[in-house]
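I have placed the structure first, in the form of structure tokens, so that the comments after it can refer back to it.
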Amino acid sequence: MLIRALLQLTLLCSLCLTAYGGIVDEIIDAIKHAATCTGCHTLLGLLSGLAYLGDSTFSTTLATVCKKLHAQDADVCDGVLSQQGPILAHDLRAISLFGQTSTKLCNALVGGCENPAVNEYRVPFPKPAPAHPRVFTSGRRLPIKVVHFSDVHIDRSYTTGSEANCTKPICCRRFPDQTGPVHVAAGPLGSTGCDAPTSLVQSMLLAIAGESPKFSIFTGDVVEAALWDINKAEAISGLEEFNKELSSALRSPVFSVIGNHQQLSKKHDEGSELSMGLRYPELGVGERHRPYGRRSSQKALRELRVCRTRNKLEVMNPSLCTANFHDKTLFARIVSLNTIYWYKLNFWLFDTNAAQPDPNGVLSFAVQQLQEAEDAGQRAWIIGHMPPGSGDALYDQSNYFDQIVQRYKNTVSGQFYGHSHQDEFAIAYEDYKKQTAETADSIAWIVPSLTPRQSYPAFRVYDVDPDTYEVMDSRTLISDMSDPDFQVFPVWKQEYSARSTYGPAIGGWPPHQPLSPAFWHKVTQAFEKDDTLFQKYHKLKTPGGKITPCEGDCKKETICNMRAMRAENGCHPAKPGFNFERRDDDNSTSGHSHLDNHCEGIGLSHIFVQMITETQKIST
């Protein structure tokens, strides 16, 4: 407290004795050195004093720094910092500048610090694993079809004919400060570097309906990436419109999860999302000032809502849902988890020095539902937005969730995620020190996105055994944007089958065997030996996107991350200044920018990293 008071007093004196521009220059100088862990902590110390002057002063000052450095266009600087600056100020007023939380904050904000070691915590389970788990027999009936789609990121302000290569992080809409002739016109069905127009969404839904799935899963993110340019009413309207589009186009059930965009809204209580007819009007019920921070599992379980789809559902928390999907021939449990509470760019999670093993009771809810599934002799699917092994996942929560996966490995037949906008998979092991086909025991299916921001729009179709609920084959369908007819009538075609593509590379795979964790481990071994096969995977990972070479360390890190559904075992080194390109004549070499590998749209981390990059340019 004394150190914090001294920092506050120092900054107040500085404000009194120097011009406002001097404070801006001090922050710029601190940002210049923030790419190191020590430098980032120093920056947080300076910003902590600024935070005590109020949210408005804090956000306005940082926006001035952003604009002075030309890190982004003025409207982007103002919009992002007015929305998210108060969250960072709230954190800095609440935490020690020298504790573990500030180190985690530096990792999330600029990548300047490595992740701290996982805090020891054992997840409590109501029962030990059964000595003789139930055996589910496969291959007795023909597979059913299940469609998996994600990250639609619908831009309701998308304007055909607008500039698709603008100076903003996302384009294809009319920005007031964008004048002059259009150089690259936005197409009616979508353009690379932009989010999805309504017309592209409708095309995808028609294609999904044409597959006649038994049911579908949607793993989150509806709101577009231009978060600085939308308000609460527009966001909610877009979510409600997407719900209507789903109900109109798809005649089979859709089970969904909440994405990460909701925590980036303008006001603290402006979070909303849809789950088949249900709008979560305010996730911050009971704690209006901290809707995405900590809440006890008891409070979470008291705030149950009815989750509506066309099939029987049980009860749900505003951020958690479970469903019993069944008809005359099928019976399984689908458990939907809100991974926002494990997401390191949810800056609401950094407002305490105390460890918080289970924010909002998500882990407790997962245990409850999986125990009930085990007791009922059900198989279970886990669906979520962010993969728990992602570099965006908090190590603590990823570790604790893995404990749950290991306990219920005989019940969970699959996990399904989005978020990365790439065609990927990740494997969990009962022993991460001994990663073999025999110890591989869970698989995460990570689907590419609809938004054509970085690659061709895509979705997946799974062939699923109706007795075991294991995936027998996974087929990715894309719409080729280079096809001259794409802007008239997109054609959705199969890009590849996982069984056909990778089965022969591991010596064949029995047709009655699912694409199990053991299958995927063997595929990673094949990647190590056969570089041609790995490069094929690397190309399929981002269909139609800008393919950069992946050899040497890149290949090793990629395979490492395939074998790491537990984040601490992945290869996610801190990379200060992970820059994303701005769309201007000086540095745009690809014709469009990319928002890193994150899907949350431009936010605090992007602004700070770009400011570091700009200060380094000035220095050189």
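The values are calculated or read from the model by the stated rules, or taken from the named source; none is laboratory data. Everything numeric here is computed off the predicted structure, so don't read it as measured data. So basically every Cβ, Gly included, is an ideal-geometry build from the backbone, and we count neighbours across all protein chains shown.
The table for this structure:
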item: Number of positions in region 77-94 that are touching a Ser or Thr at 6+ places or on another chain (Cβ under 9 Å) and either polar (S, T, N, Q) or under 12 Å from I607 (Cα atoms) (or both); result: 7
item: Test for T198: is it modelled with pLDDT of 95 or more, surrounded by fewer than 18 Cβ atoms within 10 Å (Cβ to Cβ) and either within 22 Å of V488 (Cβ to Cβ) or not assigned by TED's automatic domain parsing to the domain that holds H148 (or both); result: yes
item: All helices (runs of 4 or more DSSP H) inside region 471-556 with 3 or more residues being in the same structural domain as R453 (by TED's automatic domain parsing), more than 28 Å from V412 (Cβ to Cβ) and at pLDDT 95 or above; result: 531-541
item: Condition met for L53 (farther than 21 Å from K617 by Cα and more than 30 Å from the chain's Cα centre (by Cα)); result: yes
item: Neighbours by Cβ (under 7 Å, 6+ apart or cross-chain): first from region 556-568, of a type in the set (S, T, Y); second part of a loop (DSSP other than H, G, I, E, B); result: T558/C550
item: Conditions (1) closer than 30 Å to Y400 by Cβ; (2) at pLDDT 95 or above; (3) part of a loop (DSSP other than H, G, I, E, B); (4) of a type outside the set (A, V, I, L, M, F, W, C): number failed by H70; result: (1)
item: Number of the exception - E374 against (1) in contact with a Lys or Arg (Cβ under 9 Å, 6 or more places away or on another chain); (2) outside any helix (DSSP H, G or I); result: (2)
item: A574 vs. criteria under 20 Å from the mean Cα position of the chain (by Cα) and at pLDDT below 95; result: yes
item: Criterion violated by I404 - all others in (1) more than 21 Å from N119 (Cβ to Cβ); (2) surrounded by fewer than 24 Cβ atoms within 10 Å (Cβ to Cβ); (3) touching a Leu at 6+ places or on another chain (Cβ under 7 Å) satisfied; result: (1)
item: Top-ranked residue of region 35-59 - restricted to ones that are without any contact (Cβ under 8 Å) to a residue 24 or more places away in the chain and within 20 Å of W228 (Cβ to Cβ), ranked as surrounded by the most Cβ atoms within 10 Å (Cβ to Cβ); result: T57
item: Unique match (being surrounded by 14 or more Cβ atoms within 10 Å (Cβ to Cβ) and more than 26 Å from the chain's Cα centre (by Cα)) among L515, L533, L540; result: L533
item: Boolean, Q454 is assigned to a loop (DSSP other than H, G, I, E, B) and at pLDDT below 95; result: yes
item: Failed item, numbered, when A393 is tested on (1) farther than 22 Å from G503 by Cα; (2) free of Cβ contacts under 8 Å to residues at least 12 places away in the same chain; (3) not basic (K, R); result: (2)
item: Any hit, region 12-27, residues being among the aliphatic types (A, V, I, L, M), out of contact with any Ser or Thr (no Cβ under 6 Å at 6 or more places or on another chain) and modelled with pLDDT of 95 or more; result: yes
item: Where A63 falls short, out of the listed (1) assigned to a helix (DSSP H, G or I); (2) surrounded by 24 or more Cβ atoms within 10 Å (Cβ to Cβ); (3) of a type in the set (A, V, I, L, M, F, W, C); result: (2)
item: Qualifying positions in region 135-166 - of a type in the set (D, E, K, R) and outside any loop (DSSP other than H, G, I, E, B); result: K145, E163
item: When residues of region 545-567 are limited to those that are surrounded by fewer than 15 Cβ atoms within 10 Å (Cβ to Cβ) and of a type in the set (A, V, I, L, M, F, W, C), the one farthest from H421 (Cα to Cα); result: C554
item: Verdict on T167 being over 22 Å from A74 (Cβ atoms) and not assigned by TED's automatic domain parsing to the domain that holds F218; result: no
item: Filtered residue count, region 430-444, keeping only those that are surrounded by 24 or more Cβ atoms within 10 Å (Cβ to Cβ) and either touching a Ser or Thr at 6+ places or on another chain (Cβ under 6 Å) or of a type in the set (G, A, S) (or both); result: 1
item: Whichever residue in region 475-495 is in contact with a strand residue (DSSP E or B) (Cβ under 9 Å, 6 or more places away or on another chain) and either free of Cβ contacts under 8 Å to residues at least 12 places away in the same chain or acidic (D, E) (or both) and, among such residues, is nearest to P457 (Cα to Cα); result: D480
item: Condition met for G180 (of a type outside the set (F, W, Y), buried (at least 22 other Cβ atoms within 10 Å of the Cβ), modelled with pLDDT of 75 or more and not assigned by TED's automatic domain parsing to the domain that holds N360); result: no
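Results for (1) under 24 Å from the mean Cα position of the chain (by Cα); (2) hydrophobic (A, V, I, L, M, F, W, C), shown as yes or no for each residue.
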site: Q371; (1), (2): no, no
site: D375; (1), (2): no, no
site: A380; (1), (2): yes, yes
site: I383; (1), (2): yes, yes
site: P388; (1), (2): yes, no
site: Q406; (1), (2): yes, no
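Results for (1) in contact with a Pro (Cβ under 8 Å, 6 or more places away or on another chain); (2) at pLDDT 95 or above; (3) surrounded by fewer than 24 Cβ atoms within 10 Å (Cβ to Cβ); (4) among the small types (G, A, S), shown as yes or no for each residue.
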{"site": "K312", "(1), (2), (3), (4)": "no, no, yes, no"}
{"site": "V315", "(1), (2), (3), (4)": "no, no, yes, no"}
{"site": "S319", "(1), (2), (3), (4)": "no, no, no, yes"}
{"site": "R333", "(1), (2), (3), (4)": "no, no, no, no"}
{"site": "L345", "(1), (2), (3), (4)": "no, no, yes, no"}
{"site": "Q378", "(1), (2), (3), (4)": "no, no, yes, no"}
{"site": "I382", "(1), (2), (3), (4)": "no, yes, no, no"}
{"site": "Y395", "(1), (2), (3), (4)": "yes, yes, yes, no"}
